Amino acid sequence: MSKEMIKQYAIRLGDDAVVQGHRLSEWCSNGPFLEEDLALTNVALDFIGRARMFYSYAAEIDGGDFTEDSYAYQRDCREFTNLLIHELPTGDFAFSMARQYLMDEFGLAFMECLESSSDETLSAIAAKAVKESRYHLRRSRDWMLRLGDGTEESHNRLQKAVDDLWGYTAEIFELDELEQGLANEGIAVDTTALKSNWETAVAAVLGEATIDVPQGDWSIRGGRQGMHTEHLGHMLSNLQFMQRAYPGQEW
Amino acid sequence: MSEHMKLFEVFLRSKRGLDHKHVGSLHAEDPQQALEYARDIYTRRSEGVSIWVVNSTDIVASQEDDCESFYDPQDDKPYRHATHYQLPEAVNNM
């Protein structure tokens, strides 16, 4: 299995983490109350830390001048290969929590599988991430129940969020040639195998939260191929501004 | 913040063998959420291995007015202080 493929895979996972982390970080100082603000920022930092590990590994494989920062700050939209669900705007609190829950439920199972990857570095990163993911899931699942089974307004907002997000969950469980090849070698996670457990777990939590499981009659994909929504560019202009304006700036 | 959020006091044990110390307070909907927020707010830099959260309203506190009757009588009873004992080196954290 070529190292180049593993590098591409590490970049994908880094992209997922950095975009997810950045969206969460947008809650910093905007949280509903101080305690939740701090908790959300903690989770954001977990994902930024994850992005650093995946990007560093990619840079190491690359062996060139690229660093973890180059991947985050010096690539444009089409070079980002994150799943689309991560780049959708923060939205209201219900939207952010619904996305977080859907992805935490996936993320924990994913990292548990990646932990047994035959690639030692990916496995080590996953081992660290699993512990964080357990806590993330505990938090976001709790919010699903609070909001879904809370007031009429929180229920309606959460139902709308889940409906709006649902079509973006399809691509999470699809493998392209690169990931299928790596999965066959025991390096990448075969996400298709995680789908039914995810659906069962999500249906149970949505049920308890009195939220209807969406019909699933639409789906959007393309993130892994660099085909993004209009939101990623705006996000990157924010994330990358300093390095674009002052290349190589350090502090 | 919603008006009905309760106030909780947070106690942390920094390592095994030590006792829990009061580190601050926070708002949360219920004890379980308070525990999670305590984890996020007070243990970010590995400050603890165990957390207690307690409803602030459950704490019964002595009052300023009680000072005279509570504490002043101790001032002239030096024989209650174990000042003449030498502590062995092995006894830490006392």
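Taking chain B and the strands (runs of 3 or more DSSP E) fully enclosed by it, the elements with 1 or more residues that are within 14 Å of another protein chain (Cβ to nearest Cβ) and either more than 20 Å from the chain's Cα centre (by Cα) or not aliphatic (A, V, I, L, M) (or both) are at B:6-13, B:21-28. Among the residues of the stretch B:45-67, the one identified as of a type in the set (D, E, K, R) and surrounded by 13 or more Cβ atoms within 10 Å (Cβ to Cβ) is B:47. Scanning the stretch A:87-98 for residues that are in a helix (DSSP H, G or I) and surrounded by fewer than 23 Cβ atoms within 10 Å (Cβ to Cβ) yields a total of 3.
Regarding residue A:94, is this residue out of contact with any Phe, Trp or Tyr (no Cβ under 6 Å at 6 or more places or on another chain) and modelled with pLDDT of 95 or more? Yes; evaluated as a whole, the condition is true for this residue. Contact map, the stretch A:50-68: residues that are free of Cβ contacts under 8 Å to residues at least 60 places away in the same chain paired with residues that are assigned to a helix (DSSP H, G or I) and of a type in the set (Lys, Arg), Cβ distance under 8 Å, separation 6+ or inter-chain. Pairs shown: A:58/A:7; A:61/A:3; A:61/A:7; A:62/A:7; A:68/A:52. When residues in the stretch A:13-42 are screened for being within 17 Å of residue A:90 (Cβ to Cβ), away from every other protein chain (no Cβ under 14 Å) and either outside any loop (DSSP other than H, G, I, E, B) or touching a residue at least 60 places away in the same chain (Cβ under 8 Å) (or both), 10 of them pass. Here residue A:35 clears all of (1) surrounded by 16 or more Cβ atoms within 10 Å (Cβ to Cβ); (2) out of contact with any strand residue (DSSP E or B) (no Cβ under 8 Å at 6 or more places or on another chain); (3) not aromatic (Phe, Trp, Tyr) except the condition numbered (2).
Only residues that are without any contact (Cβ under 8 Å) to a residue 40 or more places away in the chain and part of a helix (DSSP H, G or I) were counted in the stretch A:99-120, giving 6. Among what's in the stretch A:43-88 and is closer than 18 Å to residue A:172 by Cα and among the polar types (S, T, N, Q), pick the residue that is farthest from the other protein chains (Cβ to nearest Cβ). Once the filter is applied, the top-ranked residue is A:81. Here the stretch A:124-171 is the region considered, the condition is being closer than 30 Å to residue A:52 by Cβ, aliphatic (A, V, I, L, M) and surrounded by 22 or more Cβ atoms within 10 Å (Cβ to Cβ), and the residue that is nearest to the other protein chains (Cβ to nearest Cβ) is A:144.
The values are calculated or read from the model by the stated rules, or taken from the named source; none is laboratory data. What you see is a predicted model; the values in this text were computed from it and never measured. Cβ: placed from backbone, ideal geometry, glycine included. Neighbour counts: every protein chain shown.
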